[in-house]
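Working notes, beginning with the structure itself.
The values are calculated or read from the model by the stated rules, or taken from the named source; none is laboratory data. Being a predicted model, the structure only gives us computed values, none of them experimental. Virtual Cβ from ideal backbone geometry, glycine too; neighbours counted across all protein chains shown. When the accessible area is computed, the model is the full protein with side chains, heavy atoms only, and any ligands, DNA or RNA have been set aside. Shrake-Rupley method; radii C 1.70, N 1.55, O 1.52, S 1.80 Å.
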Amino acid sequence: MAPPMELFDDEPTSTREAIMQATYAALAKHGYADLTIQRISDEFNKSKSLLYHHYDSKDALLVDFLGFMLEQMEADVPIQESGNAYDQLMSAFRHAFGELFEEPDFLRAVLELRAQAATDETYRRQFTANEEFIQSKLAEIVRNGIDEGTFRDVDPDRTAEMLLTVIDGAILRQATIDDVDVDVVRQELDAYVRSRLVTDDVEIDA
């Protein structure tokens, strides 16, 4: 899951957005295991009772937080509009391996939330929706690349599944072990795209 690193650059415009901003800050600071309503309230510029007015529990708040991130991602995901499909795919990779890895504390916290999806169906539905959205965007780029002649006639959905699995694996490794070279992952993804997807008559700059 790609956390929206520029999600809270501006002042919140509603109570819900202010709560989401406080949750973002508390989750990045404390992680899921040590996250409490009180710690979210400490990041919130209004009363703790207002949090309980909107949410019955920490988990109810976090599920809404995941939904909020998905809403923002659908509105703001930075898929490059110009250039051919190869350029657009590289733009998606830069986002995944750029902004995504600039917030390691938050990244670890989100993976803690993702672990809850193994046993909690509500979390599972939210993460499934997030993955389906990202996969659909990748498949759309591949499909457009086939139509414009940049990519070979591959299966867009299968290709997107593979690309997303590699990205997810890099996220998991980055968050849980030391000395992961994400530049190598990006370079190998680029090599895969050039050898597996790009047609022979399309020139790609080295």
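Things to note:
- Taking every protein chain into account, the accessible area of the range 80-197 amounts to 52 square angstrom per residue (probe 1.4 Å).
- With every protein chain in place and a 1.4 angstrom probe, the accessible-area ranking of D201, D181, largest first, reads D201, D181.
- Applying the criteria of a DSSP loop state and at most 13 other Cβ atoms within 10 Å to the GluC sites (Glu not before Pro) of the range 158-206 yields E203.
- Treating each Cα of the range 113-206 as one equal point scatterer and applying the Debye formula with no solvent, the log10 of I(q)/I(0) at q = 0.16, 0.20 Å⁻¹ comes out as -0.79, -1.04.
- Taking all protein chains together, Y192, Y123 sort by accessible area into Y192, Y123, largest first [probe 1.4 Å].
- Estimated [θ] at 222 nm from DSSP helical runs (n ≥ 4, -39500 (n - 2.57)) normalised by residues in the chain, nearest 500: -21500 deg cm²/dmol
- Overall form of the range 151-206: oblate. Here a/c, set by the Cα gyration tensor axes a ≥ b ≥ c, is 1.5 or more, and a/b is not larger than b/c.
- Computed with a 1.4 Å probe over protein heavy atoms only, the accessible area of R39 comes to about 90 Å².
- Rel. contact order, % - alpha carbon contacts under 8 angstrom, at least six apart, the range 80-197: 30 percent
- Estimated at the nearest 10 Å², the accessible area of V202 is 40 Å² with a 1.4 Å probe.
- Fraction of accessible area attributable to carbon and sulfur, the chain (%, probe 1.4 Å): 43 percent
- The overall shape of the range 6-63 is oblate: from the C-alpha gyration tensor, with semi-axes ordered a ≥ b ≥ c, the ratio a/c is 1.5 or greater and a/b is no larger than b/c.
- Seen from V184, the other residues with C-beta closer than 13 Å to its C-beta sum to a net charge of -3, counting Lys and Arg as +1 and Asp and Glu as -1.
- Sequence ranges 41-52, 166-177, ranked by mean other-Cβ count within 10 angstrom, highest first: 166-177, 41-52
- With protein chains left intact and a 1.4 Å probe, residues in the range 6-63 average 55 Å² of accessible area per residue.
- Dividing the mean sequence gap of close Cα pairs (under 8 Å, 6+ apart) by how many residues the chain holds gives a relative contact order of 22 percent.
- The value of relative contact order for the range 6-63, using C-alpha pairs under 8 Å at least six residues apart, is 28 percent.
- Each residue was assigned an accessible area with a 1.4 Å probe, and for T23 the value is about 0 Å².
- Values (1) -0.57, -1.34; (2) -0.67, -1.30; (3) -0.48, -1.61 are given for comparison; log10 I(q)/I(0) by the Debye sum over Cα atoms at q = 0.11, 0.19 Å⁻¹, derived from the coordinates here, is the one labelled (1).
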